[in-house]
Amino acid sequence: MERRNRSWLDMEHSFKGPGFRWQLADKHRTLSQKDKFWTWLDKPTQQAIKYLREMRRESHGPDRAKDRFTVVTAAIELLQNEKALESLKLAILGDLPRVEISERTNIDQAVLETTELLFFDIRGKREATSWMTCHVFMPAMKGGDMDLAAKMKIAFFGGPVMARAMLDARDHLPIDDAKRLVDQEVLLHGKLQAALEFRLSEATAPQFLKTFLNYDLARQKLEFAREKFQHKCEVAQRQHEAELRSEQRHDDDQENWLPPVPHAEATESNEKVNDEAKRVA
């Protein structure tokens with residue numbers, strides 16, 4: 001039973017995207033806990049349903065919902081913080097551990113986990129590049145936020161190193177390379193599908209071999225492109241760190257700098273010393 005439930009949730013995840021739990025909760029907000037279907041839902045989805053059901057109550061519903069479901073409430077409030085939400089998405093796409101994300105954002109781990117599970121669950125889909133393109137990158141581009149879409153691609157394909165550089169620096173990043181890498185990923189997926197769907201027979205064997213060799217060559221080229229991209233990411237990070245050190249040295253020099261004594265004041269001071277010497281003599 002549990003395996004069947006898990007398979008059903010995985011299917012919903014595949015079709016509806018990273019926010020599938022919230023979509024399920026919104027669709028089944030009136031579902032009774034006595035209903036057999038309730039057991040098919042996981043705990044985050046059940047909590048979201050309870051929250052939405054409480055919100056709909058006429059008398060002080062929203063206030064009670066916020067009091068009873070503080071973590072879900074905090075997750076929804078996080079969605080309203082555009083800058084914090086962008087940082088969270090980039091960190092998740094870069095596959096940073098939740099402990100590190102919590103330290104970077106100063107947000108409770110329980111809130112981060114709930115936000116991720118309800119609205120941006122992509123960690124289990126990292127190998128499904130076409131799914132990522134369809135449900136993560138394309139919606140950002142269709143929404144007109146090309147800059148965010150580019151940053152997402154960089155964090156995803158650059159991994160933890162680039163995600164940290166993105167969160168810390170946000171400059172000198174190879175955005176164009178990231179876009180080209182995504183295009184190569186999509187092309188490779190198409191070649192793989194063509195090879196998998198090929199109807200093999202004695203007559204079609206030569207064509208299949210050609211199709212497979214094309215896929216294998218594209219795969220090798222993509223691996224090389226990934227290595228080049230990772231190297232550029234590391235260079236960008238080192239450049240940013242060098243600039244930070246240079247800025248820190250400049251700030252330290254500014255703090256330690258003392259203004260020179262003006263010439264007039266220096267002359268007056270020397271005259272006083274000479275007068276005092278003459279008086280003593």
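The values are calculated or read from the model by the stated rules, or taken from the named source; none is laboratory data. Note that the coordinates shown come from a computational prediction; the quantities given were computed from them, not determined experimentally. Here the Cβ is made from the backbone with ideal geometry for all residues, glycine too, and neighbour counts use every protein chain on show.
Please go through the stretch 17-33 and pick out each residue that is in contact with a Leu (Cβ under 8 Å, 6 or more places away or on another chain) and of a type in the set (Lys, Arg).
Matches in the stretch 17-33: 21, 29.
Consider the stretch 98-128. How many of its residues are touching a helix residue (DSSP H, G or I) at 6+ places or on another chain (Cβ under 9 Å) and more than 16 Å from residue 17 (Cβ to Cβ)?
The first filter runs over the stretch 98-128 and keeps only residues touching a helix residue (DSSP H, G or I) at 6+ places or on another chain (Cβ under 9 Å), leaving 98-102, 104-105, 107-126, 128.
From what's left, more than 16 Å from residue 17 (Cβ to Cβ): 98-102, 104-105, 107-114.
Residues meeting the conditions: 15.
Pick out, from the stretch 1-91, the helices (runs of 4 or more DSSP H) lying fully within it that include 2 or more residues that are under 28 Å from residue 107 (Cβ atoms) and either assigned by TED's automatic domain parsing to the domain that holds residue 131 or in contact with an Asp or Glu (Cβ under 6 Å, 6 or more places away or on another chain) (or both).
Working: elements: 2-16, 20-27, 43-55, 61-68, 70-80.
Ranges flagged: 61-68.
Looking only at the stretch 126-147, which residues are in contact (Cβ under 8 Å) with a residue 40 or more places away in the chain and buried (at least 17 other Cβ atoms within 10 Å of the Cβ)?
129, 131, 133, 135, 136, 137
Determine which single condition residue 61 fails, assuming it passes every other condition in (1) surrounded by 13 or more Cβ atoms within 10 Å (Cβ to Cβ); (2) modelled with pLDDT of 90 or more.
Result: residue 61 passes all but (2).
Could you tell me whether any residue of the stretch 31-50 is touching a Pro at 6+ places or on another chain (Cβ under 6 Å) and either closer than 29 Å to residue 131 by Cα or of a type in the set (Lys, Arg) (or both)?
Quick first cut of the stretch 31-50, residues touching a Pro at 6+ places or on another chain (Cβ under 6 Å) only: none.
Looking for residues that are touching a Pro at 6+ places or on another chain (Cβ under 6 Å) and either closer than 29 Å to residue 131 by Cα or of a type in the set (Lys, Arg) (or both), one finds none in the stretch 31-50, hence no.
Within the stretch 125-219, which helices (runs of 4 or more DSSP H) (wholly inside it) include 2 or more residues that are at pLDDT below 70 and of a type in the set (D, E, K, R)? If you could, list the steps in order and put the result at the bottom.
Working: elements: 129-132, 138-142, 146-168, 175-196.
Of the helices (runs of 4 or more DSSP H) lying wholly inside the stretch 125-219, those with at least 2 residues that are at pLDDT below 70 and of a type in the set (D, E, K, R) span 175-196.
Any idea which of 49, 76 is under 30 Å from residue 164 (Cα atoms) and crowded, with 17+ Cβ neighbours inside 10 Å? Explain how you work it out, then say what you get.
Details: 49 fails: under 30 Å from residue 164 (Cα atoms).
Result of the check over 49, 76: 76.
Name every residue in the stretch 99-121 that is within 24 Å of residue 12 (Cα to Cα) and in a helix (DSSP H, G or I), in order of residue number.
110, 111, 112, 113, 114, 115, 116, 117, 118, 119
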